[in-house]
Structures are given as structure tokens and as C-alpha cells.
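What follows draws every value from the coordinates through simple rules; no lab data is involved. Keep in mind the model is a prediction, meaning the values are calculated, not measured. Note: ideal-geometry Cβ built from the backbone for every residue, glycine included; neighbour counts use all protein chains shown.
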């Protein structure tokens, strides 16, 4: 064998050794499609989780203000937007408002929730302040068939009921009635029994603290010694009629019944935003930010609601993405 052949064979062996050496770390490298990795919806704090959530579709969130909207739910909507929730999922499809009246029809609201589920493939969320909380609970009972056997689908973009009482389920692709549709999360803030008496809402008095299975999870917020809600100290707790997960949160008497939804400032302040981002209802909270530097109004209310909304955004968004991938 001549020298030229030997040099060629040596070069070939050198090339093979380089190729084999470079192949080993590539085989053990992590997958490159990081955005498709499932999120832990119970542990979402930190910038990495926020970035991953932003890539997920977001369920519709319907916000309902009280009977005297001196303060409506717009401030809370801007808090959610400031924390990263998509604004489009908060604005009303018809007129773009962020806060809706609590004097609307519970039948239309129930039909609209079914419309959103059929169109978006995600269970909506529903949050009401004062009388808005009453409408939240009434809509849940409407969906449970508590007032009538059938409910027409309601198109909120057109503001009109459709000529059908069924939807096509986005997961089973089977036709199903509006009655029985679930929301992912619902909450009532400072909703009392006394105003139901004063406003003649008699049918809701026995139902006001009973939560049917048409929501997966519900949180009821009560302000201690809230005369506008009619409770002295604390109020009768909310309880599940069936399998819904129901939590009761007693807020201190320093909270204002009218001013409870004022929360926009909490997302704008770095210290309160960071505190909210790491807050969990099942753990002892860390020291609150310095009240001398930051406005702490409604801090716990905002943190508790953001934890639940963020969690169900994760759950519903991942469920939808898995179904369409």
C-alpha cells in the first residue's frame, strides 16, 4: 500500500472519530420544542411560567359589576391585563366593555357561556361583585336546570338568542343541551342576602349559598362586618350541592364593599405584583410589601383570584391545545 493510500485511510478514520464524538451529545440533548411541554398548573409563578402561559389560548372571562356601579369591574379587568391575561378574552364581543351589568338576564348569560364553550373549546370563567355575584350564582343554577328545562344558545356578538337549545361539544363532537354546560371557575365578591330581600330577588335567597356542579371550582369572598351585604361578622358559607370545589374566603373588615374591585394598581407596582405572583391559598403568605411605598388595597382578594384564574387558564388552554394538536 503506498503512502497516498495510507494517508487517505488515516484521514477517513479521523473523520469517523470526529463524527462519532459529536453524535453522542446530540443524542442526549433535550427536546427543542419547549413550548409543547406540559405546564404544572399548580405551580405557575415566575417569568418562565408567565411566558409559557402567554402561548396558550385563554378562556373567556365574564366580569359582572354590582347594582350601584360607582366602582365597576374595569379596574379588576385592567389588573388581569397587567398580570398578563389577554385583553381580547375579557372584552364583551358585542360592545367591547370590560364590565357588564348585573341586571342582565341569567338565561341569556347561561346561553352565552355555552356559546363561548362551543366556539372557543374552553370552559369560560365568571366573576361578579355584589349583585354581580348573585347573577353569577343564578347563571350556574340556570345551567343546572334549576329554573327551566331548556335554554337557548345566546350569541353575545349579535346580542341575540339562536334558534336552538343545543351546542356541538368541541371535544366529543356530539350534540348536547345548553343545560349541563360547565364553567371552569366562578367567584362572587361581597354578595349578601339582605340586598336580595331589598331588591325582591326572592327566588335567589335559598340558592345564594348553594353552588351546583355547573362550575368546576367556586370561591366566595365575604367581607367581615359588611353592612351593605347584610352580614354581621361573617356570613353563611357557600357550600357545594355536589362535586364542585367550593372555597370560602373571609376578608377583613378594612375592605370596602364598594371599593373591593379596585385592583389595577396592584399589577402596576413591582412589589405587589411579585407578592401576588408567588401567593398560594394553601401556603402561608410571605411578608406583605411596605404599605408606606405601595398601595396595598385589596391585595389578598386580587392574589386569590389571580391564582385561580391563572390556574384555569393553564388547565383549559392546555386541554384545548392537546385536542387540536
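Quick notes on this structure:
- Computed over the chain: relative contact order in percent, which uses C-alpha pairs under 8 Å that are six or more apart: 18 percent
- The helix-based estimate of mean residue ellipticity at 222 nm for the chain, built from -39,500 (n - 2.57) per DSSP H run of four or more residues and divided by its residue count, is -11500 deg cm²/dmol to the nearest 500.
- Protection proxy ranking of 103-113, 78-88, by the mean of other Cβ atoms within 10 Å over each peptide's residues and highest first, is 103-113, 78-88.
- Protection proxy ranking of 164-174, 264-274, 54-64, by the mean of other Cβ atoms within 10 Å over each peptide's residues and highest first, is 54-64, 264-274, 164-174.
- Computed over the stretch 236-311, relative contact order equals 32 percent, with contacts defined as Cα pairs under 8 Å that lie 6+ residues apart.
- Taking the convex hull of the alpha carbon positions in the stretch 93-163 and averaging its projected area over all directions gives 4.8 nm².
- Nearest-ten-degree value, helix 299-324 long axis tilted from longest Cα axis of the chain: 50 degrees
- Measuring nothing but how far apart in sequence close Cα pairs (under 8 Å, 6+ apart) lie, relative to its length, the stretch 59-169 scores a relative contact order of 33 percent.
- 197, 262, 276 arranged by Cβ crowding within 10 Å, fewest neighbours leading: 197, 262, 276
- Antiparallel content of DSSP bridges confined to the stretch 117-193, in %, to 5: 50 percent
- Pairs of Cα atoms farther than 36 Å apart, the stretch 59-324, %: 10 percent
- Beta-bridge orientation, the chain: approximately 20 percent antiparallel, per DSSP, counting only bridges with both partners inside.
- Angle in degrees between helix 106-120 and the longest Cα principal axis of the chain, rounded to the nearest 10: 10 degrees
- Acute angle (nearest 10 degrees) that the helix 131-143 long axis makes with the longest principal axis of the chain, alpha-carbon atoms: 70 degrees
- Taking the centroid of alpha carbons for each part, the stretch 39-79 and the stretch 194-217 are 25 Å apart.
- Classification of the stretch 211-325 by its C-alpha gyration tensor yields an oblate form. The axis ratio a/c (a ≥ b ≥ c) is 1.5 or more, and b/c is at least a/b.
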